[in-house]
Every structure is written in structure tokens, then in C-alpha cells.
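**Student:** Below you will find the structure I want to go over with you.
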Amino acid sequence: MNLIIIGPPGSGKGTQAKLLAQKLNLTHVSSGELLRAAASEDSPKGQLLRDIMGRGELVPSETVLGVVADKLKSLNGEFILDGTPRTVAQAEFMDDFFAENKIVLDTVIVYELTDQIAQERMMSRAKLENRADDTPEVIKDRVAIYHKETEPIIEYYDKQGKVLRIDAAPSIEVILEDTLKKLETK
Ligand code: AP5
């Protein structure tokens, strides 16, 4: 099965995507991780990505979608895609890409969480990890961008009957169990 995970920053997309990948034998593809690797390069492109991501803004689609598409094309098996698409235009691009490559997207998992809890989780992470975009101001901007740019995707996929909504407030284990159960019965 091929899956996409959507949710606000800090909702636990990456955490759940890794666990689901293990349980379901899927490859976890995270556009954020791919971009952070590219941003760590000592080059003008790396610097540009560091600047954009450090401000919490979206990276231009022409930069990110090629990277994601190349990664998906290189896989043998099925995948769980985390962090892309981020806009309705990106969702349309991905649908064209899936059609061209005879890939069936089965389900779009949407993790639902209040802004407050998402922000608290990112602030806790900031104490442990060193992500340039985990500062109070940038976190606020990332959440605002999610509501404006990314949330409309849920309606886009709802029209295709692909959305699976999951409450992302409980513990990591409970969310995983709930997701697996709902995937089984979808
Ligand atoms: P990306 O890496 O996708 O980051 P994000 O969407 O901001 O999400 P996060 O990684 O902050 O959170 P998450 O939902 O994965 O939660 P996590 O599991 O880490 O994107 C980063 C940037 O890349 C973007 O801002 C943009 O610039 C760029 N980008 C990426 N894709 C793009 C695209 N397609 N187009 C344009 N730009 C793009 O969990 C968060 C914390 O909470 C962790 O510490 C975790 O341990 C903890 N936690 C998780 N679950 C729970 C739980 N149930 N209870 C308590 N704590 C929990």
C-alpha cells in the first residue's frame, strides 16, 4: 500500500511514518529530511535552503518535487510519503506523477492536533535537537502556513475518498494502534 501523511508541524508525522514503515514494510520518504540533507551542503543551493527553511517558509515546488519524484522512482516497493504535498498545486503534481508511473495512492492519513499541543511538542523537541526552525516565532509561522497552504489539501483528497483522519493527541503507541486499525478497515 502507498500512503501519504499530512498534519501540522509537530503533529507526529515523522514519528508515526517511521513506525508505520516498519510495521507495514514500506519505505519512509520524508521531504523534510531530504531537504535538510541538501541544506547541510556547503554550496549556494545549501545556503538558500538553510535560509528558506530557517524562516519556516515552503521551499519552491520546482526544487522539492523533483527530489521527491526521483526518490519515489528509485524505490522497488511501496512507500509512506511524509511532508509532501504541501499545497493543492503540489497534490495535483503528485497525482500526475502517480498516474504517469502507474503508482496507486491508497490512503492519505491526516493527523489532527490543536496548534497549542503541536507548538508545545516542537518547543520540547527544541530542547533536545537543534532544528533551526524550532524557535517560537518560526513555529508560529510554520503553523500559520500549514493552515493557509496545506490544510486545503485535505478537502482535495476527501473528494477522492482517500482521507483517513486520526486524533494525534494521545500517546505515540495509541496513535500507531489507531492508525493501523483504521487502515485495516478502510
Ligand atoms: P518537515 O520536516 O516536513 O517538518 P514539519 O512539517 O514542520 O513537521 P515536523 O518535523 O516539525 O513535525 P512532525 O509532524 O514530523 O512531528 P514529529 O514526529 O517530528 O518540513 C520541514 C521544512 O521543509 C518545511 O518547513 C519546509 O520548509 C520544507 N519542506 C518540506 N517538504 C516540503 C514541500 N513539499 N514543499 C515545500 N517545502 C517543504 O514530532 C514532533 C515532536 O513531538 C518530536 O519531538 C516527537 O518526539 C514528539 N512527539 C511525536 N508524537 C508525539 C506524541 N504522540 N506525544 C508526545 N510527543 C510526541
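**Student:** Tally Lys/Arg at +1 and Asp/Glu at -1 over every other residue whose Cβ is under 9 Å from the Cβ of GLY56; what's the total? Show your work: numbers first, answer last.
**Tutor:** Numbers: positive: ARG55, LYS140, ARG142; negative: GLU57, ASP133, GLU137, ASP141.
Local charge sum for GLY56: -1.
**Student:** Moving on to the next point. So for the pair PHE98, GLU129, with labels modelled 7 Å out along Cα→Cβ, what separation do we get in nm?
**Tutor:** Roughly 2.6 nm, to one decimal.
**Student:** How much length is gained if the chain between ALA89 and ASP70 is pulled fully straight, taking 0.36 nm per residue apart and subtracting their Cα-Cα distance, in nm to one decimal?
**Tutor:** Numbers: separation 19, 0.36 × 19 = 6.84 nm, distance 1.83 nm.
My answer for the length gained is 5.0 nm.
**Student:** Using modelled backbone amide H atoms (1.01 Å from N, in-plane), which distant-in-sequence or interchain residues come within less than 5 Å of THR107's amide H?
**Tutor:** ASN2, ILE4
**Student:** Using a 10 Å cut-off around each Cβ, can you sort PHE79, PHE98 from fewest to most neighbouring Cβ atoms?
**Tutor:** Numbers: PHE79 20, PHE98 15.
So the residues, fewest neighbours to most, are PHE98, PHE79.
**Student:** Pop out the ³J(HN,Hα) list for the stretch 171-186 in order, Karplus 6.51 cos²θ - 1.76 cosθ + 1.60 with θ = phi - 60°, rounded to Hz; leave Gly and Pro as x.
**Tutor:** Coupling constants for the stretch 171-186: 6, 4, 5, 5, 4, 4, 4, 4, 5, 5, 5, 5, 5, 5, 9, 6 Hz.
**Student:** Turning to a different aspect of this structure: Across the stretch 104-113, in residue order, what do the Karplus-derived ³J(HN,Hα) couplings come to in whole Hz, using 6.51 cos²θ - 1.76 cosθ + 1.60 with θ = phi - 60° and x for Gly and Pro?
**Tutor:** In residue order, the calculated couplings are 9, 8, 7, 9, 10, 7, 10, 8, 9, 8 Hz.
**Student:** For the chain, report the translational diffusion coefficient in µm²/s to the nearest whole number, using Stokes-Einstein at 10 °C, 1.306 mPa s, and a Kirkwood Rh over Cα pairs. Mind showing how you got there, number by number?
**Tutor:** Numbers: Rh = 16.9 Å.
Stokes-Einstein gives a translational diffusion coefficient of 94 µm²/s.
**Student:** Could you line up HIS147, HIS28 from fewest to most neighbouring Cβ atoms inside 10 Å? The partial results should precede the final answer.
**Tutor:** Numbers: HIS147 11, HIS28 19.
Ordered from fewest to most neighbouring Cβ atoms within 10 Å, HIS147, HIS28 come out as HIS147, HIS28.
**Student:** Let me ask something else. Can you grab the distance from the C-alpha centre of the stretch 64-138 to the C-alpha centre of the stretch 3-20, Å, no decimals?
**Tutor:** 8
**Student:** Next question. Once phi is turned into θ = phi - 60°, what whole-Hz ³J(HN,Hα) does the Karplus curve with 6.51, -1.76 and 1.60 give for every residue of the stretch 139-148, x standing for Gly and Pro?
**Tutor:** The phi angles translate into 4, 4, 5, 5, 5, 5, 5, 4, 4, 6 Hz.
**Student:** Using 7 Å Cα-to-Cβ label points, what is the LYS140/ASP115 separation (nm, one decimal)?
**Tutor:** 1.0
**Student:** Also: Using 1/(1 + (r/R0)^6) with R0 = 22 angstrom and r between the beta carbons of LYS159 and THR185, what's the FRET efficiency to the nearest 0.05? Before the final figure, lay out the partial values.
**Tutor:** Working: r = 21 Å, r/R0 = 0.97.
Using R0 = 22 Å, I get an efficiency of 0.55.
**Student:** Only counting other Cβ atoms within 10 Å, I'd like LYS186, LYS102 sorted with the fewest neighbours first.
**Tutor:** Numbers: LYS186 13, LYS102 6.
By the 10 Å Cβ count, ascending: LYS102, LYS186.
**Student:** Could you tell me the calculated FRET efficiency between SER171 and SER43, based on Cβ-Cβ distance and R0 = 30 angstrom, to the nearest 0.05?
**Tutor:** 0.15
Where a number appears in this text, it was derived from the coordinates with a stated rule and is not lab data. Being a predicted model, the structure only gives us computed values, none of them experimental. Glycine also receives a Cβ, built like all others from the backbone with ideal geometry; neighbour counts cover every protein chain displayed.
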